[in-house]
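A.B. asks: Before anything else, here's the structure in question.
The values are calculated or read from the model by the stated rules, or taken from the named source; none is laboratory data. Here the structure is a predicted model, which is why all the values come from computation and not from measurement. For neighbour counting, all protein chains shown are included, and Cβ atoms are generated from backbone atoms with ideal geometry for every residue, glycine included. Remember, those area values only see protein heavy atoms, side chains included, never the ligands or the DNA or RNA. Shrake-Rupley method; radii C 1.70, N 1.55, O 1.52, S 1.80 Å.
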Amino acid sequence: MPIQPLTNARVVSRGDAAWHLACDQGEVVLAFVAPEIARVAFTPAGAPPHMTWALTEDAGRLPAPPVDSQEEPASLTLRSAFLTLKAALGERLQLTITRADGRALVVDAAAGGMGRAEDGQIAWAMALERDERVFGGGQRTGPLDKRGRKLTLWATDPLPNHNAEQTDAMYQSASVFVMLRDGLAHGIFFDAAYRSVADLGKTEPDVLRFTTEGPDLVVYLFAGPTLGDVLRQYTALTGRVPPQPRWSLGNQQSRWGYMTADDVREIAARFRAERIPCDAIYLDIDYMDGYRDFTFDPARFPDPAGLIADLRAQGFRVVPIIDPGVKVDPNYRVYQEGMQHGYFVQNPDGTIFEGWVWPGRSVWVDFANEAARSWWAAQHEPLIRAGAAGIWDDMNEPSQAGMSAPPEVTVPFGATLPLDTVHHSSDYGPISHAAFHNAYGHEMTRATRAALEAARPDERAFVLTRAAQAGTQRHAIVWNGDNSSLWEHVRLAITMNLGLGLSGFPVTGIDIGGFWGDTQPELLVRFTQVGAFLPFCRNHSAKGTARQEPWVFGEPYTSAIREVLALRYRLLPYLVTLFQEASTTGWPIMRPLAWIAPNDPASVACDDQFLLGNDLLIAPVLHAGATERQIILPPGTWFDWVTGEAIPGGQTITRAVTLQTIPIFARSGAIIPIGGDLQHTGEISDKPLTLEVFLSQPGQTARGDIWDDDDHPQAAARGTFASYQAAAAWDDDAITLRLARTGGQMPPRHAGVAVALHLPDGYAIEDDGLGEGDMNALPAEWRFVVHRS
């Protein structure tokens with residue numbers, strides 16, 4: 001399918017880092033946003049200004065980098081320190097972007113380039129190299145590598161086949177793609193608000209073709225060259241996840257069907273009685289009075305503040321759900337105020353659009369309007385006053401719900417608002433829902449975060465959202481939405497969340513146990529053994545399905561679930577450090593094996609295992625009745641977390657497994673901090689902070705960074721944190737470990753520190769490799785004598 005190219009391109013103006021080209025079809029701007037980030041924009045003649053909700057306000061204020069230029073009659077070449085952008089001018093505009101070393105990153109396809117497709121949509125077709133892998137695109141089913149797929153970029157409630165292998169568009173749409181070839185990575189972000197399609201070699205195997213229904217096209221190119229570099233560069237423009245409250249790193253429990261305050265109290269009491277750690281309980285739509293947002297049913301939840309206070313005393317937070325559809329009810333204050341001020345989405349004739357969702361006939365808040373967002377944020381006051389610790393934004397693709405409509409009204413599965421409905425954007429004026437759809441949930445979470453931050457400026461805001469677009473990570477965290485109690489959805493949890501992490505969403509999770517359908521005992525255990533190592537850990541299920549709280553199937557299943565959740569809590573010092581890293585770099589917490597082994601074909605192809613940070617490899621059991629598990633170990637040496645066995649990497653091994661087995665391996669050269677057993681994150685363990693040190697041979701070194709803070713939103717800026725660095729060196733017959741404080745003024749959370757050394761068979765250590773110290777007396781140094789055994 002050839003693209004009609006842009007013709008007769010010529011330079012008409014130039015600036016410090018941007019060159020403007022005129023062509024027969026409009027204007028092209030070639031620019032460098034940063035030395036490692038190029039921007040290419042095509043604006044057809046008569047098109048409106050570019051609309052974006054993806055970029056941060058700071059993205060437009062980055063200092064212009066130095067650029068060398070060379071203009072010839074038929075070409076323009078621009079060079080930054082990292083990238084070279086070359087445009088062939090004249091009869092047909094052709095673009096090539098290379099790294100400074102000459103490696104091609106973007107080359108116009110032979111019958112492509114930038115222009116218009118046969119259907120008139122704006123498109124850019126670029127060549128795909130034979131061995132190039134393509135990751136990202138937001139939330140997706142199928143393998144981690146999306147090469148050979150055709151992806152629709154459109155936030156969608158994918159009814160009726162949630163998370164099926166053939167599902168295309170889903171809740172979280174992000175048109176950013178990370179390319180990996182020969183161990184080197186680069187990234188491409190198509191900043192397109194309208195519905196778009198990314199054909200990643202499906203129609204033409206060697207062509208990436210991006211088309212958009214929007215009036216223009218803006219594209220950013222990230223130089224990499226590592227996966228981490230690409231994510232850092234991309235999130236420098238679109239924002240990074242804010243520091244998350246410590247309690248949100250714990251286990252969380254939810255169900256659509258906790259109908260009364262007594263139900264919730266019983267769940268909380270059972271968690272503590274069963275000694276299963278948990279930090280939060282969620283309230284789905286049944287807590288509301290007739291599904292009216294910001295209300296509590298007076299009969300079933302008569303004293304919400306008392307309920308939340310009682311649960312808080314037991315170490316639980318409470319997170320209620322909120323939907324953007326507002327019940328049409330002249331006696332409902334939120335509806336009255338929204339109608340009075342014009343804060344709801346309109347039909348083209350100026351009347352208010354009405355559709356169907358849980359309350360019945362409903363209207364939708366116009367989140368494109370700044371005044372409407374501020375008003376909506378203020379509506380959270382009853383929930384915040386009652387003590388809600390965070391907010392769960394749902395149905396915000398936005399979606400309608402046909403089961404609430406009368407029989408004579410048909411609402412198709414996954415229906416959104418009509419595309420010609422009107423939003424009154426504070427930035428762009430009146431715009432259609434076709435323009436704003438993908439940003440709808442994004443701007444809803446922006447209002448939600450503003451509500452929590454305004455009410456509690458000294459607490460970290462927690463916002464969970466179902467719908468998202470590029471950049472939503474700076475407002476909220478995401479989960480995978482309505483999965484099912486199926487084994488294939490246990491497996492899908494790995495590829496889907498790895499893909500989201502490579503799309504800029506570092507904090508993601510699943511409905512542990514499955515939302516739809518009845519889970520089974522072994523399935524619930526395996527779901528939990530995956531979910532316990534995802535950044536967001538929550539069990540959630542639908543009304544009318546079998547109960548799936550951790551204890552429902554009895555032994556040995558309850559103990560297996562308790563054991564893996566307890567391990568998550570012992571790993572909190574490691575997780576807290578990874579979450580801090582995510583907020584400063586944009587790096588995912590859950591990573592593909594290719595993150596540390598981009599040149600190893602087996603690691604790059606692997607998508608049924610993952611890394612937690614760089615140092616722990618998780619290979620969950622993913623099949624019913626499994627008695628063994630094949631595990632790919634990247635190059636290097638890896639230590640079995642349970643047995644301590646040191647195993648050479650660069651191979652596939654087989655491990656026998658039981659119901660309790662979760663194959664976990666620690667990377668040689670790692671120092672992993674772990675804490676004691678907890679029932680919730682607010683507990684203080686009397687156990688020391690333990691540094692698990694993994695060394696595989698003399699001459700090797702190990703290192704680990706540790707971060708802790710007081711949970712304040714500005715902990716890093718105001719110094720209320722504690723950062724440490726541990727470093728070990730194995731020199732012939734001795735191992736030396738040094739622990740030093742590197743920053744912050746916060747007192748240590750753990751009074752004591754212990755050291756546990758892990759070495760390969762054939763070596764023995766005096767005192768069994770254990771050392772102890774005082775976290776208040778740093779720096780500290782330990783020396784261990786090593787013997788051949």
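A.B. asks: Tell me, what is the percent relative contact order of the chain, built from C-alpha pairs under 8 Å that lie six or more residues apart?
C.D. replies: 10 percent
A.B. asks: So how much accessible area does Cys278 have, in Å² to the nearest 10, using a 1.4 Å probe?
C.D. replies: 0 Å²
A.B. asks: Follow-up. Quick one: length gained pulling Arg547 to Glu118 fully straight, 0.36 nm per residue minus the C-alpha distance?
C.D. replies: Taking Arg547 through Glu118 to full extension adds about 149.2 nm, to one decimal.
A.B. asks: Classify the stretch 363-442 as rounded, prolate or oblate from the Cα gyration tensor: take a ≥ b ≥ c as the square roots of its eigenvalues, call it rounded if a/c is under 1.5, otherwise prolate when a/b beats b/c and oblate if not.
C.D. replies: In terms of gyration-tensor shape, oblate.
A.B. asks: Express the carbon and sulfur contribution to the solvent-accessible surface of the chain as a percent, rounded to the nearest whole number, probe 1.4 angstrom.
C.D. replies: 50 percent
A.B. asks: Using Cα-only point scatterers and the Debye equation, what is log10 of I(q)/I(0) for the stretch 739-789 at each q in 0.15, 0.21 Å⁻¹, rounded to two decimals?
C.D. replies: Ignoring solvent entirely, the Cα scatterers give -0.51, -0.78.
A.B. asks: Checking the a/c ratio against 1.5 first, then a/b against b/c, what shape does the Cα gyration tensor give for the stretch 471-551?
C.D. replies: prolate
A.B. asks: With contacts defined as alpha carbon pairs under 8 Å and 6 or more residues apart, what's the relative contact order of the stretch 29-78 in percent? Working shown, then result.
C.D. replies: Working: 36 pairs, mean separation 16.7, N = 50.
Answer for the stretch 29-78 is 33 percent.
A.B. asks: Counting pairs of alpha carbon atoms under 8 Å apart in space and at least six apart in sequence, what relative contact order in percent does the stretch 76-206 give?
C.D. replies: Details: 245 pairs, mean separation 24.8, N = 131.
In percent, rounded to a whole number, it is 19.
A.B. asks: Under a Cβ-only charge scheme (Lys and Arg +1, Asp and Glu -1), can you give me the dipole magnitude of the stretch 1-130 about the Cα centre, in debye to the nearest 20?
C.D. replies: With only Lys, Arg, Asp and Glu charged at Cβ, the dipole is about 160 debye.
A.B. asks: Something else: How large is ³J(HN,Hα), in whole Hz, for each residue of the stretch 172-184 in order, when computed from phi with the Karplus curve 6.51 cos²θ - 1.76 cosθ + 1.60 and θ = phi - 60°, using x for Gly and Pro?
C.D. replies: Coupling constants for the stretch 172-184: 10, 10, 9, 8, 10, 10, 10, 9, 10, 8, 6, x, 10 Hz.
A.B. asks: Over the chain, with the other protein chains present, what is the accessible area per residue in square angstrom, probe 1.4 angstrom?
C.D. replies: Using a 1.4 Å probe on heavy atoms only, each residue of the chain averages 35 Å².
A.B. asks: Per-residue HN-Hα couplings for the stretch 619-635, Karplus 6.51 cos²θ - 1.76 cosθ + 1.60 at θ = phi - 60°, whole Hz, x for Gly and Pro?
C.D. replies: The phi angles translate into 10, x, 7, 10, 10, 4, x, 5, 10, 8, 9, 7, 9, 8, 9, x, x Hz.
A.B. asks: With r as the distance between the Cβ atoms of Glu645 and Ala602 and R0 = 30 Å, compute the FRET efficiency 1/(1 + (r/R0)^6) and round to 0.05.
C.D. replies: 0.90
A.B. asks: How much net charge surrounds Ala88 when only the other residues with a Cβ under 14 Å from the Cβ of Ala88 are counted, with Lys and Arg +1 and Asp and Glu -1?
C.D. replies: -1
A.B. asks: Would you mind counting up the charge near Tyr194? Only other residues with Cβ under 12 Å from its Cβ, with Lys and Arg at +1 and Asp and Glu at -1.
C.D. replies: With Lys, Arg at +1 and Asp, Glu at -1, the net is -2.
A.B. asks: Alpha carbon centre of the stretch 421-447 versus the stretch 563-586: separation in Å?
C.D. replies: 35 Å
A.B. asks: If you don't mind, another one. Helix-derived [θ] at 222 nm for the chain: sum -39500 (n - 2.57) over DSSP H runs of at least 4, divide by residue count, nearest 500?
C.D. replies: Details: 13 runs with 147 residues, N = 789.
Mean residue ellipticity, 222 nm, calculated: -5500 deg cm²/dmol.
A.B. asks: Can you put His186, His680 in order of accessible area, largest first, using a 1.4 Å probe?
C.D. replies: Sorted by accessible area, descending: His680, His186.
A.B. asks: Another question about this same structure. Given the C-alpha atoms of the stretch 245-300, compute the convex hull and give its volume per residue in Å³. All intermediate terms of the calculation are to be shown ahead of the outcome.
C.D. replies: Working: hull volume 4.7 nm³, N = 56.
Expressed per residue, the convex hull around the Cα atoms of the stretch 245-300 is 83 Å³.
A.B. asks: Find the centroid of the Cα atoms in the stretch 613-686 and in the stretch 706-745, then give the distance between the two in whole Å.
C.D. replies: Answer, in whole Å: 24.
A.B. asks: Listed highest first by mean packing, meaning other Cβ atoms within 10 Å per residue, what order do 362-375, 538-551 come in? Display every interim value, and only then the final one.
C.D. replies: Details: 362-375: 22.3, 538-551: 19.6.
Packing order, densest peptide first, comes out as 362-375, 538-551.
A.B. asks: What is the pair-distance distribution P(r) of the stretch 154-243, computed from all Cα-Cα distances in 5 Å bins starting at 0, with each bin given as a whole percent?
C.D. replies: Percent of pairs per bin, in order: 3, 12, 18, 20, 22, 17, 8, 2, 0.
A.B. asks: Assign one of three labels to the chain, namely rounded, prolate or oblate, based on the Cα gyration tensor with a ≥ b ≥ c the square roots of its eigenvalues; rounded applies when a/c is under 1.5, prolate when it is not and a/b is larger than b/c, and oblate otherwise.
C.D. replies: Taking the square roots of the gyration eigenvalues as a ≥ b ≥ c, the chain is oblate.
A.B. asks: What is the gain in length, in nm to one decimal, between Arg783 and Glu766 on full extension, counting 0.36 nm per residue of separation less the C-alpha to C-alpha distance?
C.D. replies: Between Arg783 and Glu766, full extension yields 5.1 nm more.
A.B. asks: Here is a further query. If you put +1 on each Lys and Arg Cβ and -1 on each Asp and Glu Cβ, how big is the dipole of the chain around its Cα centre, in Debye rounded to 20?
C.D. replies: Computed charge dipole of the chain: roughly 320 debye.
A.B. asks: Let me ask something else about it. So what's the net charge close to Ala41: Lys and Arg +1, Asp and Glu -1, counting the other residues with Cβ under 10 Å from its Cβ?
C.D. replies: Combined, the nearby Lys, Arg, Asp and Glu give -2.
A.B. asks: Could you state the number of Å between the C-alpha centres of the stretch 249-304 and the stretch 2-28?
C.D. replies: Between the Cα centre of the stretch 2-28 and that of the stretch 249-304, the gap is 58 Å.
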